[in-house]
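Novice: This is the structure I want to talk about, given as structure tokens.
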């Protein structure tokens, strides 16, 4: 093996080692989950006099789901004299009229509901929430994004946890209104289930820090202020405030048994936009808070978990050079027989790939799904995770370089079943150059697949196929949606306008 070939294999092995560290962390999360899963949270007591609650509904251009959200919150089972609802609408389109009319209708019925519209979007969602707090009357503050439909008993099942003066926030689990819409939404639901079923439960019940997810949770107003309030120097203001509040000594509660259903993105570009924002925001939060966490008076295991949690998206940055090196190392190693191939790939499979399978199967099993339901989507989930690497790596690089971008909302369409078309819906995520890069990587992986098939060597074939399918699917879906959207806009522009007469 030449010096260049050796360098390539060593670089590949180092990347596998680093990725395996993050892959192994999933085993740690699963271990903590099963160790503490029966430590069910219970309220310290019951309020004799219920506290006043403000529900904040931050909205920006959500014409398809705004009325559904407000109507659901209006059905909340809570004393009317102790409930206040704020519709925090920064919209610039017809959503304003829809929201105003809905608010007026419910106010006429006696509900204490207010429409709050800002003429600027300073601070985006964080700014809207902070502005709403200056007007709010509640000592507890619940937040719901536009695509959520909270159950009427949400407050009844959460407020009593605040009888404990140490509790600063209660988070509920996200459900999925349109899980069965498509293969993409099924995969997203599984990815979210891993986070909400395993990770959140493991962190919370083992005493580690965990985070408010921006919606479907309720805060003690004092905890928000104590943590420094809503700040908008990161794209994940929820993650940022959560860590700041917990470093101040506030304790959080997670209730996986209380499910608040929501809509997951139905288009690839919208999904990528959402994932890009979360990845970039988490790295921004890591850069901002890890020095403070390192000096904080908290146990070492809490600090270690905070580091792994906040830096997890660095793994995507390593995936790009890994993808480039993978076919090269296959060519180099094939001539050396099975031993060298297995020496590198099997440890990676055990630490990284199999950890994904185990982690997400566990999240589905804990929800009572059958064995077939647990496994049938997992190959696609793994491929999708790989296919997102370009999108997520770009987010990480932007965060590390301090490149600022606006808060980009995820388009919501109010769809539930596969028959609901979104082609003519107005809101679309921006299309970038990424599909070209993703398809180029898919073609590059195809070379490696063909090389192995021609030589009858199948040891590394599963890895190459996962990369090939992942990059190919994400790239083609993104490109197709971009072209479809362009044609739809062109058709609308060419359509004859109605006569003014």
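The values are calculated or read from the model by the stated rules, or taken from the named source; none is laboratory data. As the structure is a computational prediction, the values presented were derived from the model and not from experiment. Note that we place each Cβ from the backbone using ideal geometry, even for glycine, and neighbour counts take in every protein chain shown.
Novice: Output the residues belonging to the range 410-436 that are at pLDDT 65 or above, under 18 Å from residue 188 (Cβ atoms) and out of contact with any helix residue (DSSP H, G or I) (no Cβ under 8 Å at 6 or more places or on another chain).
Specialist: 412
Novice: Restricting attention to the range 221-232, and to residues there that are in a loop (DSSP other than H, G, I, E, B) and modelled with pLDDT of 95 or more, which single residue is surrounded by the most Cβ atoms within 10 Å (Cβ to Cβ)? Lay out the reasoning, then the answer.
Specialist: Within the range 221-232, the subset in a loop (DSSP other than H, G, I, E, B) is 227-232.
Filter once more, so that each one left must be modelled with pLDDT of 95 or more: 227-231.
On the way: 227: 23, 228: 13, 229: 14, 230: 20, 231: 16.
The selected residue is 227.
Novice: Let me ask you something else. Do the conditions hold for residue 278, that is, is it more than 30 Å from residue 479 (Cβ to Cβ) and modelled with pLDDT of 95 or more?
Specialist: For residue 278, the condition - more than 30 Å from residue 479 (Cβ to Cβ) and modelled with pLDDT of 95 or more - is not met.
Yes/no matrix, rows are residues, columns are (1) part of a loop (DSSP other than H, G, I, E, B); (2) over 30 Å from residue 44 (Cβ atoms):
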{"position": "116", "(1), (2)": "no, yes"}
{"position": "121", "(1), (2)": "yes, yes"}
{"position": "137", "(1), (2)": "yes, no"}
{"position": "142", "(1), (2)": "no, no"}
{"position": "153", "(1), (2)": "yes, no"}
{"position": "157", "(1), (2)": "yes, no"}
{"position": "160", "(1), (2)": "no, no"}
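Novice: Can you tell me how many residues in the range 259-280 are part of a helix (DSSP H, G or I) and over 11 Å from the mean Cα position of the chain (by Cα)? First the steps, then the outcome.
Specialist: Taking the range 259-280 as the starting set, the residues that turn out to be part of a helix (DSSP H, G or I) are 268-280.
Right, trim to over 11 Å from the mean Cα position of the chain (by Cα) and you get 268-270, 280.
Summing the residues that are part of a helix (DSSP H, G or I) and over 11 Å from the mean Cα position of the chain (by Cα) in the range 259-280 gives 4.
Novice: If you take the residues of the range 9-20 that are in contact (Cβ under 8 Å) with a residue 24 or more places away in the chain and surrounded by fewer than 18 Cβ atoms within 10 Å (Cβ to Cβ), which of them is nearest to residue 316 (Cα to Cα)?
Specialist: Kept after step one, since they are in contact (Cβ under 8 Å) with a residue 24 or more places away in the chain, are these residues of the range 9-20: 9, 11-13, 15-16, 18-20.
Then drop every residue that is not surrounded by fewer than 18 Cβ atoms within 10 Å (Cβ to Cβ), which leaves 11, 13, 18.
Numbers: 11: 16, 13: 16, 18: 11 Å.
Among them, the one singled out is 18.
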